[in-house]
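The numbers here are math on the coordinates, done by the rules we state, and not lab data. The structure presented is a predicted model; accordingly, all values stated were derived computationally and were not measured. Don't worry about glycine lacking a Cβ; one is built from the backbone with ideal geometry, like all the others, and counts go over all protein chains shown.
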Amino acid sequence: MNHDGPIGIFDSGIGGLTVVRAIHTALPDEATIYLGDTARVPYGPKSPATVQRYATEILAWLLAQRVKAVVVACNTATAHALDLLREQAPVPVIGVIDPGARAAAAATRNGGIGVIGTAGTVASGAYRRALLALRPELRVIEQACPLFVPLVEEGWFGHPATRLAAEEYLAAVRLGDVDTLVLGCTHYPLLAPLLAEVMGPDVTLIDSARETALELTAVLDRAGLRAPAGGGTPRHRWAATDDVERFAMVGSVFTGEALASVELVDLTHE
Ligand code: DGL
């Protein structure tokens, strides 16, 4: 297989850049190409069939860029489309849900795990299934937090409105005696300080971005697909399906680095 190809990463928008940041840290020699489907974000409230169609189109585009592996950085797309993408792709496809579930199952001491995500992710029950497959005795409390994505996009990480929403959404989770909370959405790591405060010091927050980067490392190693070390600075490409200026601006908050030029991609004409 093609060791030189980049790792393809996609999300419904800019949120998946939290996963890119983790991948760049874990795998500094790997080139990456990231596509944010900013024309069609958000995926959270959309039907499984629609998200599957979008994800299939993005996979085809990434494969045309000769990627050697694909990371579905979006929790909602992972929940609805991971199995389908794995059937279609000739390269390894990694989602964010199994790595996050594994980390949560390993972290909990009292067996109580909260999962927060978009409406689609929570309705799919994908995290619950993944967690119970690992440890059937776990108690899983899931909560959709649909307002978090627009609040994060607004940059309101510690804003009183965000705190109010967090207190409301997390009330039931807190009553459930959980000691671990899975941040099951690309945007939520940016709310980690606020969520930690609302949940209290005894609750461990699980950021699936870091876990996914570790899983990707293991998959590349197993398949013998790692780029050789010391090959110079790898190239990182950025692409979006709409509003590349906003992508570059908000994206720099997610990655912590200025994004080089962002390509505009029209998936309907590929
Ligand atoms: N990327 C999505 C996720 O992780 C959040 C944004 C959206 O709803 O599209 O579920």
Would you call residue 64 under 30 Å from residue 135 (Cβ atoms) and either away from the ligand (no atom under 16 Å from the Cβ) or within 16 Å of the chain's Cα centre (by Cα) (or both)?
no
So, residue 212, is that one within 16 Å of the ligand (Cβ to nearest atom), under 28 Å from residue 23 (Cβ atoms) and over 17 Å from the mean Cα position of the chain (by Cα) or not?
no
Note on residue 194: of the conditions (1) buried (at least 19 other Cβ atoms within 10 Å of the Cβ); (2) within 16 Å of the ligand (Cβ to nearest atom), unmet is (2)
Hey, residue 185 within 15 Å of the ligand (Cβ to nearest atom), under 22 Å from residue 14 (Cα atoms) and touching a Phe, Trp or Tyr at 6+ places or on another chain (Cβ under 6 Å) or not:
no
Where a residue in region 96-119 is under 20 Å from residue 19 (Cβ atoms) and its partner, wherever it lies, is part of a strand (DSSP E or B) and more than 16 Å from the ligand (Cβ to nearest atom), with Cβ under 6 Å and at least six apart:
104/113; 104/180; 107/180; 107/204
Any chance you could count how many residues in region 134-164 are assigned to a loop (DSSP other than H, G, I, E, B) and touching a residue at least 40 places away in the same chain (Cβ under 8 Å)?
3
If the requirement is being under 20 Å from residue 220 (Cα atoms) and either under 16 Å from the mean Cα position of the chain (by Cα) or within 15 Å of the ligand (Cβ to nearest atom) (or both), which of these qualifies: 58, 14, 9?
9
Answer with yes or no whether residue 169 is under 30 Å from residue 33 (Cα atoms), touching a strand residue (DSSP E or B) at 6+ places or on another chain (Cβ under 8 Å) and within 16 Å of the ligand (Cβ to nearest atom).
no
Being part of a loop (DSSP other than H, G, I, E, B) and farther than 19 Å from residue 44 by Cβ, is that true of even one residue in region 184-201?
yes
I'd like the full set of residues that are aromatic (Phe, Trp, Tyr) and surrounded by 20 or more Cβ atoms within 10 Å (Cβ to Cβ), limited to region 142-187.
148
